[in-house]
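Trainee: I'd like to ask some things about the structure below.
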Ligand SMILES: Nc1ncnc2c1ncn2[C@@H]1O[C@H](COP(=O)(O)OP(=O)(O)O)[C@@H](O)[C@H]1O
Ligand SMILES: [Mg+2]
């Protein structure tokens, strides 16, 4: 459904998207997971024809984003990272406006409005002004709007950025429903590990504009192999630990040490013997955080250049 070839975007000083190659299958929920500034939004803007690539291209639904932008636009829906519905219109009016922009015949437009409002459970709030909506309701309205013209591919940029846990679960539920019932191919970006893990059939971890690894969440976790032992200690004799054949990797996790080992139960005692005094020890099977750490050498939070800035801005804007 989507074929991305050597896609690159350079701004004056930086390469925001650095030669990415990717194929996305029909019906997949595909995630671009990476910290703020990784190049996720820029990638989406190029795929949705809103920003021209510096080099490379992509096809969506067999249409080329550079040569056939109009056909691409007819095939896709998009929900932007920043709120883009009109606050001084009602939910219904926002959808009606979208129908006009897409030149939909009146009766089809009204029929689709009923359908999409029902899908995101906003039918009984459709005549309220959007400024009276909660952040989660507004997101749901924008999701509904992105679906009105029955796109084959839906792009969601940080669909649950800044939402409370309950609203996030709602949005996840709709995304899963869409994928199952309408067989829409969904590409979403996120910097939330739990979101990527829960929703995505496959994902690409993207860091500084480059794809570092692609796979299903399950496979990515499994490929790390074994268990993670997280140790809080003043210091670690890393050279001695690296000599142990079953220690596959040692990384810094938010100031503590994470060791990837073959079998924590079997290996722990010897490791503790080498380290000596420890403040705490935790054993677990790998999470996507560990996957991210493994491939980039840093946690997703510490690697975020803007450090939660987007979230703060989002909260300010919605007030
Ligand atoms: N219009 C622009 N001009 C200059 N730099 C930009 C522009 N848009 C994005 N960038 C930079 O490109 C990089 C990737 O940004 P973005 O795609 O928004 O990342 P993400 O969505 O992953 O947070 C960042 O360093 C950002 O500052
Ligand atoms: Mg972004």
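Trainee: I'd like the orientation of helix 106-119 relative to the chain: the angle between its Cα long axis and the longest Cα principal axis, in ° from 0 to 90, rounded to 10.
Mentor: In the chain, helix 106-119 runs at an angle near 30 degrees to the longest axis.
Trainee: I would also like to ask the following. Please compute the length gained on full extension between residue 23 and residue 201, using 0.36 nm multiplied by the number of residues separating them and subtracting their Cα-Cα distance. Numbers along the way, then the final one.
Mentor: Details: separation 178, 0.36 × 178 = 64.08 nm, distance 1.32 nm.
The span from residue 23 to residue 201 would gain 62.8 nm if fully extended.
Trainee: Would you kindly give the portion of the calculated P(r) for the stretch 78-165 that falls above 20 Å, as a percent of all Cα pairs? Show your work: numbers first, answer last.
Mentor: On the way: 1065 of 3828 pairs.
More than 20 Å apart: 28 percent of the Cα pairs in the stretch 78-165.
Trainee: Something else about it: Per 10 Å bin, what is the whole-percent P(r) computed from every C-alpha pair distance within the chain?
Mentor: P(r) over the chain, rounded to whole percents: 6, 24, 29, 22, 12, 6, 2, 0.
Trainee: Restricting the calculation to Cα positions, tell me the Rg (one decimal) and the Dmax (whole number) of the stretch 95-253 in Å.
Mentor: Looking at the stretch 95-253, its Cα Rg and Dmax stand at 21.7, 73 Å.
Trainee: Specify the inter-centroid distance of the stretch 116-177 and the stretch 1-73, based on alpha-carbon positions, in whole Å.
Mentor: 24 Å
Trainee: To continue, here is another question. Tell me the mean residue ellipticity at 222 nm calculated for the chain from its helices only (DSSP H runs of n ≥ 4, each -39500 (n - 2.57), averaged over every residue, nearest 500).
Mentor: On the way: 13 runs with 126 residues, N = 319.
Rounded to the nearest 500, it is -11500 deg cm²/dmol.
Trainee: Nearest 10 degrees is fine. How inclined is helix 135-147 to the longest principal axis of the chain, computing both from alpha carbons?
Mentor: With both axes taken from Cα atoms, the answer is about 60 degrees.
Trainee: Under the Kirkwood approximation for Rh and a Cα-based Rg, what ratio Rg/Rh is obtained for the stretch 20-118? If you can, show how the numbers build up before the last one.
Mentor: Details: Rg = 15.9 Å, Rh = 15.8 Å.
Rounded to two decimals, Rg over Rh is 1.00.
Trainee: Where in the stretch 228-256 does the amide nitrogen come within less than 20 Å of the point 7 Å from the Cα of residue 262, taken along Cα to Cβ?
Mentor: 228-230, 239-251
Trainee: Something else about it: Pick out which of 93, 270, 158 has the largest mean-square fluctuation in a Gaussian network model of the chain, springs linking Cα atoms closer than 10 Å.
Mentor: Highest fluctuation of the listed residues: 270.
Trainee: Moving on. Would you mind checking the stretch 194-211 for residues with the amide N under 20 Å from a putative spin-label position 7 Å along Cα→C-beta of residue 5?
Mentor: 211
Trainee: If you don't mind, there's one more thing I want to ask. Based on the Cα coordinates of the stretch 226-285, what is the per residue volume of their convex hull in Å³? Mind dumping the intermediate values first?
Mentor: Details: hull volume 4.3 nm³, N = 60.
It comes to 72 Å³ per residue, whole-number rounded.
Trainee: Can you give me the distance in nm between label points at residue 164 and residue 121, each placed 7 Å from the Cα along the Cα-to-Cβ direction?
Mentor: Those two pseudo-labels are separated by 1.4 nm.
Trainee: Among DSSP beta bridges whose residues both lie in the chain, state the antiparallel percentage, nearest 5. Before the final figure, lay out the partial values.
Mentor: Numbers: 35 of 53 bridges.
Counting DSSP beta bridges with both partners in the chain, the antiparallel share is about 65 percent.
Trainee: Sticking with this one: With springs connecting C-alpha atoms under 10 Å apart, model the chain as a Gaussian network and identify which of 171, 78, 274 has the largest mean-square fluctuation.
Mentor: Its mean-square fluctuation being the largest, the pick is 274.
Trainee: Specify the angular offset, from 0 to 90 degrees and rounded to the nearest 10, of the alpha carbon long axis of helix 165-182 from the longest principal axis of the alpha carbons in the chain.
Mentor: 70 degrees
Trainee: Report the extension gain between residue 134 and residue 57 in nm, rounded to one decimal, defined as 0.36 nm multiplied by the number of residues separating them, less their alpha carbon distance.
Mentor: Details: separation 77, 0.36 × 77 = 27.72 nm, distance 3.78 nm.
This chain segment gains 23.9 nm when fully extended.
Trainee: Shifting gears a bit: Which one of 16, 264, 58 has the biggest mean-square fluctuation once the chain is modelled by GNM with Cα springs under 10 Å?
Mentor: Comparing 16, 264, 58 in the GNM, the peak value goes to 264.
Trainee: Rounded to the nearest whole Å³, what is the per residue volume of the convex hull around the Cα atoms of the stretch 1-64?
Mentor: Numbers: hull volume 5.1 nm³, N = 64.
For the stretch 1-64, the hull spanned by Cα atoms encloses 79 Å³ per residue.
Each reported figure results from applying straightforward, stated rules to the coordinates on display, with no laboratory input. Every value quoted in this text rests on a predicted model; they were computed, and no experiment measured them. All Cβ positions, glycine included, derive from the backbone under ideal geometry; neighbour counts span all protein chains shown.
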